[in-house]
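Trainee: Take this structure first; my questions come after.
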Amino acid sequence: MPRRLAWIDRLHLWLGSLSGLATLLMIVLIVPDILGRRFFNTTIPGASEANVLLLVILVYLGLAGAQARKAHFRVSFLVEKLPAGLQRFLKILTTALSLVFIALVAWLTCRSAWMSTVQGESSFGIVRFPIWPSRIAVGLGFVLLALQLAVDLLRLILDGETVPEGDP
């Protein structure tokens, strides 16, 4: 059963790579904006706001991919000294608690994204820039992270591992 869920890992890894594309787009916006400011005393209207959106996409769409790769920061030197059965129990417990917490955060951010979208929330500045796409990216990022944690929890319960051999 957990092997059948490998497509979720691949999706999250792909989205993590896609979030890396946001870095490239940020560079494409930042460099001309800086050069324009330095040499022509002008900026690209909306570049700063667009970079904030791209940064949000970069961070939040990469969350699930980082979880699929097991790349999030963790301190495990004490747990590694415990017996294998207790280590497995603690992995299941911490993954379950993480899932509950992230699912709650996902629900709250999705609710916020919905309200922002319905209201057409936007920033006030030289360029009126929509904020709701950023809120959607945050909500989607947490939903995908919760999905990855659910897959990890299922694998831990059934196999004792979060990543099948040969996968990400």
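Trainee: From the helices alone, meaning DSSP H stretches of at least four residues, give me the mean residue ellipticity at 222 nm for the chain, per-run term -39500 (n - 2.57), in deg cm²/dmol to the nearest 500. Each step should come with its number before you reach the end.
Mentor: Values: 5 runs with 119 residues, N = 168.
That comes out to -25000 deg cm²/dmol.
Trainee: So if I take the centroid of the Cα atoms in region 68-82 and the same for region 84-139, what is the distance between those two points in Å?
Mentor: Cα centroid to Cα centroid, the span is 24 Å.
Trainee: Ignoring everything but the protein chains, give the 1.4 Å probe accessible area of VAL75 in square angstrom, nearest 10.
Mentor: 100
Trainee: Could you work out what % of the accessible surface of region 16-168 is carbon and sulfur, using a 1.4 angstrom probe and leaving DNA, RNA and ligands out of the count? Spell out each step's value before the answer.
Mentor: On the way: 6760 of 9570 Å².
Of all accessible area on region 16-168, carbon and sulfur atoms account for 71 percent.
Trainee: 5 Å is the cut-off here: which amide hydrogens, built 1.01 Å from N in the peptide plane, fall below it relative to SER122, excluding neighbours closer than 5 in sequence?
Mentor: Residues meeting the amide H criterion: ILE131.
Trainee: Also, quick follow-up: Placing +1 at every Lys and Arg Cβ and -1 at every Asp and Glu Cβ, with all other atoms neutral, what dipole size does the chain have around its Cα centre, in debye to the nearest 20? Write out the running numbers ahead of the final one.
Mentor: Numbers: 15 positive and 10 negative charges, 23 e Å.
Using Cβ point charges on Lys, Arg, Asp and Glu, the chain gives about 100 debye.
Trainee: Further question on the same structure: Among GLN148, GLN67, GLN87, whose mean-square fluctuation peaks in a Gaussian network model of the chain (Cα, cutoff 10 Å)?
Mentor: Among GLN148, GLN67, GLN87, the largest mean-square fluctuation in the Gaussian network model of the chain belongs to GLN87.
Trainee: May I pose another question? Counting only protein chains, not ligands or nucleic acids, how are HIS72, HIS12 ordered by accessible area (probe 1.4 Å), most first? List each step's numbers first, then the result.
Mentor: Values: HIS72 70, HIS12 0 Å².
Correct descending sequence by accessible area is HIS72, HIS12.
Trainee: What is the list of residues in region 100-127 whose amide nitrogen lies under 11 Å from a point 7 angstrom out from the Cα of THR42, following Cα to Cβ?
Mentor: Under cut-off, by backbone N: nothing.
Trainee: Just to be sure I understand the rule: take each whole DSSP H helix in the chain, project its Cα atoms onto its long axis, keep it if the span is 30 Å or more and its mean Kyte-Doolittle hydropathy is at least 0.5. Which ones pass? Spell out each step's value before the answer.
Mentor: On the way: long enough: 6-40 (51 Å, 1.17); 84-119 (52 Å, 1.11); 132-158 (39 Å, 1.63).
Correct list, ordered by number: 6-40, 84-119, 132-158.
Trainee: Which residue, PHE89, PHE142, PHE77, tops the fluctuation ranking in a GNM of the chain built on C-alpha contacts under 10 Å?
Mentor: In the Gaussian network model the winner is PHE77.
The values are calculated or read from the model by the stated rules, or taken from the named source; none is laboratory data. Note that the structure is predicted; figures quoted are calculated from it, not measured. Cβ coordinates were reconstructed from backbone atoms using ideal geometry, including for glycine residues, and neighbour counts include every protein chain displayed. Heavy atoms of the whole protein, side chains included, go into the accessibility calculation; ligands, DNA and RNA do not. Shrake-Rupley method; radii C 1.70, N 1.55, O 1.52, S 1.80 Å.
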